[in-house]
Structures are given as C-alpha cells and as structure tokens.
Amino acid sequence: MAAFHLSTFAENDKVINFLFPVKTEGIENKVSSVFGESRGDHFHNGMDISSNGEPVLAMGEGKILYSRFGEDDPFEDEFGTGNSIWLDHGKGIYTAYYHLKGGRINGFLEDRILGAGEKIGTTGNTGHSSGAHLHFLVLKDYGKIILDPMKFLPQVDDGTSPQIGNLLVHVGEKFTQINDGENINISQSFPVTVGIQDSGMKPGQRRGVAQIQTFLNGEPLKKAGFSLLNYDLGEWRNPEGFRFSELYYRDQYLLGNLDFRNGENTVRVLAWDFKGNLSEKSFTFYVTRIR
C-alpha cells in the first residue's frame, strides 16, 4: 500500500500510513457515498464502501478508543451506527468504523496497540443502514474536525465528471424547473437549487461532489468545498464556514435566495468530484417581474 504524509496531522514529522479499511476488490465501483453529501438535515460525515462479509482493517496503527456491539446490551435498541469501533492514532487523530457484522473479535477489550492493516471486524448491515456497507470517518483535534477520508487514502480511479441536472425555484412546498431559454414570471426572491450527482466509474451511482462554484449574471454567488467539517458555534460547518442549511435545500445544492432581475438572467454552475473531474453548465432564461 502507498504511504502518505498527512501534513494536517503532522507533528515532529510524524507520518501516518492510512490504508483502505476494507479488504476488497474493485474499490472504484464500491465507493457508494462520499464526504459532505446531504442526509436530509445533516452532512454525511464519512465515506461509504459497499461490502458484505469482508474484512475491515485498521486504517493505521492505533489503540481501540471505543467499541460497541449488540452483545454488550442485547435488550437495548440498536444505535444508528450499529456495531462500531473507534481507533485512537495519537495526537488527537481518530478513525471510526460503523455497521459491522457479528460480535467483537476476541482480545479487543485488551489495552494494546493494533497494527496498520490488522483486522478489526467484518462489513455488515447493522444499525440504521439500508444496505451492507462500511461507513468510516477520519477525525482530528479529538473529534472537533471531521476530514474527508478520500484525501488520505490511496487513489481511487474515476475518470467521469459529475452530472449537473436541473435548476429549480422553490415556492413553499412546490418547485418550478427552469430550463435553458425559458421565460418565467416571478414576484420576489425564492430559494434556488441545482441537482448534481457523481456516478464515478459505476453508472447509476449517486454520489455528491467535492466542490461547487456558482455565478449569477457573471457575479459570484457561492464557492463551497467539502474537504472537512468543523464544529463551531454549535453547528458543523464546511471550510468556508457554511452550515448545512446554507448549502442544501430539499437534498439539492442551494445557490441561495436569488432575486432575479427583469429580463435575461444566466446562472453558471461548476462542480468538481473528489478526483478533480470538472463539469460546467449554464442556464440562460428570461424573467418577467410581477407584483
């Protein structure tokens, strides 16, 4: 496996060799969800790998910080994370592994160091999970910052750019689609969203993107990335300081409450996936402002 120097973690030139946490083939087709996606009312705080019954490996050397399995309290309602393990890699760096199958491996309640690549469990479908997969996280500053794991793992092949879909104006519980070249009547500013999906190497897959940038009539609207989440002022925020509600609306990417001018308007959208593949799309339409 390749080794990476994690400059965001480095203290006294410490090097952490993060490995893929699932021993599997065809990883480029199994990354089903990426960091920072919408989960209705919160950010997806990790990365998902579709897998069932395959070995889960420690991403790096560390100690077990916390583990919880159904066997610990079989009469308690199952946590959303299902069977889970947290590892402490030192210097405030943690990794976490959710939805594991079966019970705890023998000896894992002992105080000892686990080696990078050591088996810590098996992929499963426990907890709030709609299909067998491993959800895993990378955290720093003792959990105050959650990082995109894709930044610190061996490269995953992806030569497919994201797909930019429809532009929508939301009025209450309803929405109107704005097509290129269309004429619309509007009375005031309303939330405007755009659908963006990244399939990667597997057609039909619906992943989020790593960065978006939007413009209205040539003026910048919003630039937002999803490389980390920082807990600040009681909410998780992206690197630019945006809260979830400022980046998503009804599971679409939120451009803002836009006040279109009378006449021609152009919205331009750029989107990058985790591999840096870029898509760009413009919508030019004509607005009649009504009272």
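The values are calculated or read from the model by the stated rules, or taken from the named source; none is laboratory data. Quick caveat, the model's predicted, so the values are computed rather than measured. With ideal geometry, Cβ positions are generated from the backbone for all residues, glycine too; neighbour counts draw on all protein chains shown. Accessible surface is based on the protein model in full, side chains and every heavy atom, while ligands, DNA and RNA are left aside. Shrake-Rupley method; radii C 1.70, N 1.55, O 1.52, S 1.80 Å.
List of remarks:
- Cα-only Debye scattering, region 212-291: base-10 log of I(q)/I(0) at q = 0.12, 0.16, 0.21, 0.23 Å⁻¹: -0.43, -0.71, -1.04, -1.16
- Global geometry of region 27-151, whether rounded, prolate or oblate, following the gyration tensor of its Cα atoms and the 1.5 cut on a/c: rounded
- The alpha carbons of region 199-251 occupy a box of 39, 31, 21 Å along the principal axes, longest dimension given first.
- If you take all other residues with their beta carbon under 13 Å from the beta carbon of Lys63, and give Lys and Arg +1 and Asp and Glu -1, the sum is -3.
- Evaluated at q = 0.20 Å⁻¹: base-10 log I(q)/I(0), Debye formula over Cα of region 128-259: -1.37
- Residues of the chain: accessible area per residue with a 1.4 Å probe, Å²: 49
- Residue order by solvent-accessible surface for Lys202, Lys30 is Lys202, Lys30, largest first, with ligands and nucleic acids left out and a 1.4 Å probe.
- Across all directions, the average projected area of the convex hull around the alpha carbons of the chain is 17.5 nm².
- Under 13 Å, Cβ to Cβ, from Asn183 - net charge with Lys/Arg +1 and Asp/Glu -1: -2
- Entry for region 15-89 at q = 0.11, 0.13 Å⁻¹: log10 I(q)/I(0) = -0.38, -0.53, Debye formula applied to identical alpha-carbon scatterers, no solvent contribution.
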